[in-house]
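What follows is a single structure, written as structure tokens, with notes after it.
The values are calculated or read from the model by the stated rules, or taken from the named source; none is laboratory data. If you're wondering where the values come from, they're calculated on a predicted model, not measured in any experiment. Cβ sites come from the backbone with ideal geometry, for glycine too, and all protein chains shown count toward neighbours. Accessible surface is based on the protein model in full, side chains and every heavy atom, while ligands, DNA and RNA are left aside. Shrake-Rupley method; radii C 1.70, N 1.55, O 1.52, S 1.80 Å.
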Amino acid sequence: MSRAETAVRTPSPLWTFGLLRSELATTFRRWRTLALLGVLAAVPVLVGVAVRIETGDGSSPAHGGGGDGPAFIAQITNNGLFLVFTALAATLPFFLPMAVGVIAGDAIAGEANTGTLRYLLVAPAGRTRLLLAKYATTMVFCLVATLVVAVSALTVGALLFPLGDLTTISGTRIGFAEGLGRALLIALVVAASLTGLAALGLFVSTLTNSGIAAMATTVGLLITVQILDQIPQLHAIQPYLFSHYWLSFADLMREPVHWDGLVKNLQLQTLYAAVFGSAAWARFTAKDITA
Amino acid sequence: MDEGNDGVIRTRGLTKRYRGGQLAVDGLDLTVPAGSVFGFLGPNGSGKTTTIRMLMGLIEPTSGTARVLGHAMPRSSRAVLPRVGALIEGPALYGYLTGRDNLLRYDAADSTADPRTRRARVAAALDRVGLTAAAGKKAKAYSLGMKQRLGLAAALLQPRRLLVLDEPTNGLDPQGMREIRSLIRELACDGTTVFLSSHLLDEIEQVCTHAAVMTQGRLVTQGAVAELAAGARGRLVVTTPDTGEAARVLKEQGVGDLVVGEDRVTGDPPERDLAEVNAALVTAGVRVRGFGLERASLEDAFVALTGEGFDVAG
Ligand SMILES: Nc1ncnc2c1ncn2[C@@H]1O[C@H](COP(=O)(O)OP(=O)(O)O)[C@@H](O)[C@H]1O
Ligand SMILES: [Mg+2]
């Protein structure tokens, strides 16, 4: 018909991933994201230095001890690799999920806030495709954030403490290479632990046009759930709180591994991802975009 | 593609009531012919942006239908929108990205946009709006005019069948307005249909071939600008030092609504041949310096249609 029609485009299916790539590049080049990762990287440094100063006289705390403080902290002086487990145990209750809450809460609401959402949609990004790109990016952030903690901890641990064979919680000894493998596995499990919260944050993000409100709500929910999980009278609902099995990752340090809590954790995360992912989709695909 | 007879945009009974209960658009029947520069005119709050949001699939109509490029919206968004460029309620940019990176991102959002030509198309769009020199600057450092032009560049990343521009000159200085208008004329020359909303009458009159007029969510009229203006008849203007005598003769000749000025008399032209009117003036000894019809403006048409000035509904 007209001139423009002659430029027939036959889009390749691969082009659809351009949005995800753009989303990842935009997120990880953003100053705010880098600041969050910087804070996460600093936690193992603080813990490592504190433990080092605390035990400067060379005395090693009693084996398996530690009534107070994060899990594994007593073992760090024997083996720097334990700093990885300690740092993950220290950041999982709050720092890591808070960072995820910021990224997930801002995902849609932040774009609505600046008005860029309407231009993405008329590009057209497609609502389902945009939501998937946002969720995938948040999941990548969960993984990157966890790895930042783990790698920072491993580096600090190697610099300040000896490395070598390590003793599991069950008292058996495993080689350093296997210990490293378990550390990686634990990092992956910790990252997966955050995917339920990520879906919840994404859903909250579709409810409002204010990025700040969505971030605050998500982080507020996180704190509420963490508190509810501590109240003994609520034990009936606690198995359904997304954070209930988070610290089960420590069971990967048993010999043999206790899978029970780990499996429950992953099931719960899958459930949250399915429920809140669907809710986010239902909400976002039917929503009037007037911002 | 059947938009040839259907119109590039065609709405039937299009209605939007916002959740707050506000009836923003009420039974709109709009037809935008292919190849036109279509002015969508109305005071602030008359429902222009709401209509555009429905056309672009951003909001769901309460009732009625909208077809764009022959397809139903919002259902066919994925098929229609790659061929439509849009500027809606002003530009929106990622302040922390450069102008170029903003365009790269918007282009990546379109899954029908070829990534191999992305950089070249972005560069061409930047060039077209005169932003090549500022392409590497962060968008938050852009002036309003630059942001507006970057928004236009985003609408020009691909060859488009239709451009939807919602008040594209809003907030610009006169120089910026002229630049945008000449860009719109250029684009129209390339055969792109342009749908341009504005609350400025003279803007529509300067660039549009067709126009529709909205007030309070309802369509008052639509058609070719020339016909709309012709609908409001022009004024007969006689320039003469003998205004009193001229007025008497013109009244005899059937000219109504006479207005006598310092050195001219104006009135509604009569049905009869204007040559006879002129002859009668000369015969009566009126010294005629000038005699002619003053073309009606779109503003006259608007006033005639609504019986009110234009900038009323705040
Ligand atoms: N998101 C919204 N929610 C409720 N009412 C709205 C919304 N957007 C616009 N309106 C109302 O709808 C009417 C039409 O607005 P709009 O389409 O923006 O007009 P225009 O673009 O012609 O200035 C106005 O009365 C406005 O207050
Ligand atoms: Mg408007």
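Taking the criterion of being crowded, with 17+ Cβ neighbours inside 10 Å and within 13 Å of another protein chain (Cβ to nearest Cβ), the residues of the stretch B:119-137 that qualify are B:121, B:122. When B:185, B:178 are checked against the criterion of being assigned to a helix (DSSP H, G or I), out of contact with any helix residue (DSSP H, G or I) (no Cβ under 9 Å at 6 or more places or on another chain) and either more than 16 Å from ligand 2 (Cβ to nearest atom) or over 20 Å from residue B:55 (Cβ atoms) (or both), B:178 stands alone in meeting it.
Residues satisfying the criterion are present in the stretch B:147-164 (criterion: within 16 Å of ligand 2 (Cβ to nearest atom) and under 11 Å from the mean Cα position of the chain (by Cα)).
Residue B:94 meets each of the listed conditions (1) modelled with pLDDT of 95 or more; (2) within 16 Å of ligand 2 (Cβ to nearest atom) apart from (2). Counting only helices (runs of 4 or more DSSP H) wholly contained in the stretch A:182-291, the ones carrying 3 or more residues that are out of contact with any helix residue (DSSP H, G or I) (no Cβ under 8 Å at 6 or more places or on another chain) occupy A:211-228, A:260-286.
Any residue that is assigned to a helix (DSSP H, G or I), in contact (Cβ under 8 Å) with a residue 40 or more places away in the chain, closer than 30 Å to residue B:110 by Cα and in contact with a Ser or Thr (Cβ under 9 Å, 6 or more places away or on another chain) - is there at least one of those in the stretch A:88-95? Checking the stretch A:88-95: not a single residue is assigned to a helix (DSSP H, G or I), in contact (Cβ under 8 Å) with a residue 40 or more places away in the chain, closer than 30 Å to residue B:110 by Cα and in contact with a Ser or Thr (Cβ under 9 Å, 6 or more places away or on another chain).
Counting the residues of the stretch B:169-200 that are within 14 Å of the chain's Cα centre (by Cα) and open to solvent by 20 Å² or more (accessible area, probe 1.4 Å) gives 8.
Checking B:216, B:206 one by one, the residue that is more than 14 Å from chain A (Cβ to nearest Cβ) and more than 16 Å from ligand 1 (Cβ to nearest atom) is B:206 and no other.
The condition of being of a type in the set (A, V, I, L, M, F, W, C), out of contact with any helix residue (DSSP H, G or I) (no Cβ under 9 Å at 6 or more places or on another chain), in contact (Cβ under 8 Å) with a residue 40 or more places away in the chain and more than 16 Å from ligand 1 (Cβ to nearest atom) holds for only one of B:32, B:84, B:37, that being B:32.
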